[in-house]
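A.B. asks: Have a look at the structure that comes next, please.
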Amino acid sequence: MPLRDINDLERLKKINAALVSRVERSMDQQGNAFSLFQTAISLENRVRNRTEELHATLRRLEQSNIDLSEAKENAELANLSKTRFLAAASHDVLQPLNAAHLSVSALAEVQASEEGRKLVRQVERSLETMEDLLRTLLDISKLDAGVVQPEVVDVSLEALFSSLRSDFLPEAEKKSLSLKFRPVNVVVRSDRTLLRRILQNILSNALRYTRSGGVLVGTRHRGDIIRIDVADTGCGIPEDQREAVFEEFHRGTSTLNNAELAGGLGLGLAIVRRMAAALGHPITFSSKVGRGTIFHIDVPVGMATAEPAMAAADMERPRGYGLFGTRVLLVENDMDVLAAMTSLLERWQCLVRAATSTDDALDLLGDTAWVPDIIIADQHLDGGDLGTSTIAEVRDYLGRPVPALIVTADGSELVAKAARAAGIELMRKPLKPAQLRALLAHLLA
């Protein structure tokens, strides 16, 4: 119907309202579409910006990872360089320190006055403190650098305990303390040297911080694990020092006086933690102030059958065999050490012939009337000669396995393995004369 034919006003209003409503709906739809379009463009821009920011962050992260990797590599190289430096420096320092040890020991034997003997003992204690510090710093450096490779074997705890008892009993008796090791017929899997060092450091601390009572070492079987307990009746460790005791140069506060704590470097437990970590032996402790401390070391059970303690303990103590008239072929290229060692051996009534290289040693054997009873050689000699090779050539020349001993400041496992393979005893410099004499007596028995 044409609009002009509609006369009803109300009807016209309704038609107008309907048209207006249709137009408004159309405009709303267009507006919403435009709004959505704008929103889409905005989101796209935001996504683009965020993506660019993410790419930039990833590039920075990659660069940071590269920088961190380079820094880590440089730190590792620096650590290894430090270890090599300390190893070389300690070897050079241990040589004159060894000569000093030997000279002081020879000096002690000729002292007639009590004052002279007292001064000699003071010098010996100072030398021993210096030696302990050098060795411990080198050990810590090697452990931190990760260059220590444990040689895990079956270790008899009875033999180990016997050796430790021999070492620490005189110290305990001097302080009027008891030192007991419960008998144990068991074998564990560990590195013999590192495990001994762990127990040695714990025992040393236990005796140092104990005024009365004593120290007890025992074991408990826990499935495939042997727990070694070292219990003392010392001053105990306060709660706020439980973690600090494993830090370098930490010496716990206690009621003991300075004289009783003398000689402690605060490195014993620091190296204990590192060695235990290298071996994978968990170490814990419980303590009560004023009542004592118990350290626990968990070690895997060994695979071999336990045997009675061998002669390890016997080697630690002189067996009463004299060295009078013993013919010693001494091969050493450090003149100070050579002179000090010769003087000490001659004080023990030994007949010494000295050489600085393999050729020198063989030349001394030209006198068929003189055949050495024992060979003592440094590992690193003149002309690049090695003590183990020198001993082998001397044995070949003589046609018999002469007892032999390598005395060296080289603490590497390579030297130890070479000595073991050739059936040669090994002692580290600086030497303790009493131990040297005991070992010589044992080898000649």
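The values are calculated or read from the model by the stated rules, or taken from the named source; none is laboratory data. Given the structure is predicted, the values throughout are model-derived calculations rather than measurements. As a convention, Cβ positions derive from the backbone with ideal geometry for all residues, glycine included, and neighbour counts pool all protein chains shown. Ligands, DNA and RNA are excluded from the accessible area calculation, which covers all protein heavy atoms including side chains. Shrake-Rupley method; radii C 1.70, N 1.55, O 1.52, S 1.80 Å.
A.B. asks: List the lysines whose Cα lies under 21 Å from the Cα of K432, skipping any in the same chain that are fewer than 8 positions away.
C.D. replies: The reachable lysines, counting only those whose Cα sits under 21 Å from K432, are K118, K174.
A.B. asks: Testing the spin-label approximation: label points 7 Å from Cα along Cα→Cβ at V289 and Q435. State their distance in nm.
C.D. replies: 3.7 nm
A.B. asks: Mind checking which lysines have their C-alpha under 24 Å from K72, skipping anything on the same chain fewer than 8 residues away?
C.D. replies: Filter leaves K82, K142.
A.B. asks: Sticking with this one: Take the solvent-accessible surface of the protein heavy atoms, probe 1.4 Å, and return the percent of it on region 169-232 that carbon and sulfur atoms account for. Spell out each step's value before the answer.
C.D. replies: Values: 1430 of 3050 Å².
On region 169-232, the fraction of accessible area on carbon and sulfur atoms equals 47 percent.
A.B. asks: Can you compute the FRET efficiency between S42 and R196 using 1/(1 + (r/R0)^6), with r the Cβ-Cβ distance and R0 = 45 Å? Round to the nearest 0.05. Don't skip to the end; give the middle numbers.
C.D. replies: On the way: r = 74 Å, r/R0 = 1.64.
For S42 and R196, the calculated efficiency is 0.05.
A.B. asks: Taking the simple approach of a point 7 Å from Cα along Cα-to-Cβ for both E114 and Y397, what is their distance in nm?
C.D. replies: 5.0 nm
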